[in-house]
Amino acid sequence: MHDVLRVTGGTPLNGEITVRGAKNFVSKAMVAALLGESSSVLRNVPLIRDVDVVADLLRLHGVGVEYDEEGGTLTFDTSNVDSAHVRDIDALAGSSRIPILFCGPLLHRLGEAFIPDLGGCHIGDRPIDFHLQILRDFGAVVDKTATGIHITAPRGLHGTKATLPYPSVGATEQTLLTAVRAEGVTELSNAATEPEILDLIAVLQKMGAIISVDTDRTIRVEGVDRLTGFEHTSLADRIEAASWASAALATGGDIFVRGAEQPSMMTFLNVYRKVGGEFDITDEGIRFYHPGNELRPIVLETDVHPGFMTDWQQPMVVALTQANGLSIIHETVYENRFGFTEALRRMGAQIQVHRECLGGLPCRFGQRNFYHSAVVSGPTPLNAADIVVPDLRGGFSHLIAALTAEGTSRVRGIALINRGYEHFMRKLGALGAQVELED
């Protein structure tokens, strides 16, 4: 697709769009299919770049992958799993960080795995060292080479006991995907318990895994010898739903998000109401709208589930530029997530970023010189500007800002948004946005 979008803002977004399965779950369920010795079916799958990348990686390893776009259904045939050529895997290096999660399943199926250098959004430190240490704890041998990482399990994989220093989603996924077929019991303390994690556990249980989740964030896995395929329908993407909700608030619009689900969005909905937004919940989705009153400032801190998601923060910041007063946002999940505010300031937003922890939650980033708190003064009119998309969520936030601003903005690098927002150009058109791709 073209990579520059002309956006003429100042028009409220009104209409209906549909969200399908969660990007942060679907790609992991696709990897889980590798563990099954029979075919799997995954439904409610969005057509996004991350799905394409994982599908290509699976095909490189001999998995048959078929996608029915109209029904959003993926089918996996894992009867011929095989090692991929290093040069083929390397061709996909930098496209996604998902390859690190292939390690456990490939070790179980083939006895070895090769992982290229990993990419992803530049929003803060996302090291893979902890992933590699988890694999070592299971008994894997990790050899770093010039082109990537070669991992073997000459004595098999065995259950282990570990405590995460932080409830990392990626590290929890790595542990689950490795532990389900490791010999013995694995116990993971301080694990992530996001809805996407619980949906992955549901998939693994359907495949034959034995997994329990305690209220103190401890996950226990009893390894089994064999797993079968699964049939599963993905939970909805709560991040995309919240992004469109913030777009409705920032532009003064009214958007019905078909497919949005209340249970996974309750924390977001509370904040949305505190800011002054309104919503109506139905069995088919959630209507998000600006009621016409002044928006209110808030104090907000991101946190692991059930706290306010870090991926909800950036679109909400754009909406807060239109709130009447001083809002304070403390980012405790990623240390470098306020880089996107530079473009907002050029558009007229009054945003100051600070190294100090402007909040009450325990934070890993205090006294470490990371700009991880922000103060937003509003309301401020936004003006059109030329913008470069910095990362997936920041990029969609820039798009919201351009839709809110007076005049015509040029947003460069929009192909990155395709990683996590299905048919976003088509959806913008359905909502009445004045957008046009540059030739």
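The values are calculated or read from the model by the stated rules, or taken from the named source; none is laboratory data. None of the values given here were measured: they were computed from a predicted structure. All Cβ positions, glycine included, derive from the backbone under ideal geometry; neighbour counts span all protein chains shown. In case anyone asks, the SASA skips ligands and DNA or RNA and just uses the protein heavy atoms, side chains included. Shrake-Rupley method; radii C 1.70, N 1.55, O 1.52, S 1.80 Å.
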Search result, residues across the stretch 154-183 that are under 18 Å from I210 (Cβ atoms) and either open to solvent by 40 Å² or more (accessible area, probe 1.4 Å) or assigned to a helix (DSSP H, G or I) (or both): H158, K161, T172, E173, T175, L176, L177, T178, A179, R181, E183
Checking Q434 against (1) crowded, with 16+ Cβ neighbours inside 10 Å; (2) among the polar types (S, T, N, Q); (3) in contact (Cβ under 8 Å) with a residue 60 or more places away in the chain: exactly one of these is not met. Which one? (1)
Have a look at L326, L358 and point out the one that is in a strand (DSSP E or B) and either among the aliphatic types (A, V, I, L, M) or touching a strand residue (DSSP E or B) at 6+ places or on another chain (Cβ under 8 Å) (or both). L326
For the stretch 211-232, check the following and say yes or no: at least one residue is of a type in the set (V, I, T) and within 20 Å of the chain's Cα centre (by Cα). no
Looking at A33, A55, A29 in this structure, which one is part of a helix (DSSP H, G or I), touching a Leu at 6+ places or on another chain (Cβ under 6 Å) and at pLDDT 90 or above? A29
Please go through the stretch 211-225 and pick out each residue that is open to solvent by 80 Å² or more (accessible area, probe 1.4 Å) and either touching a Lys or Arg at 6+ places or on another chain (Cβ under 8 Å) or β-branched (V, I, T) (or both). T215, D225
Could you tell me whether the stretch 260-279 includes any residue that is part of a strand (DSSP E or B) and open to solvent by 20 Å² or more (accessible area, probe 1.4 Å)? yes
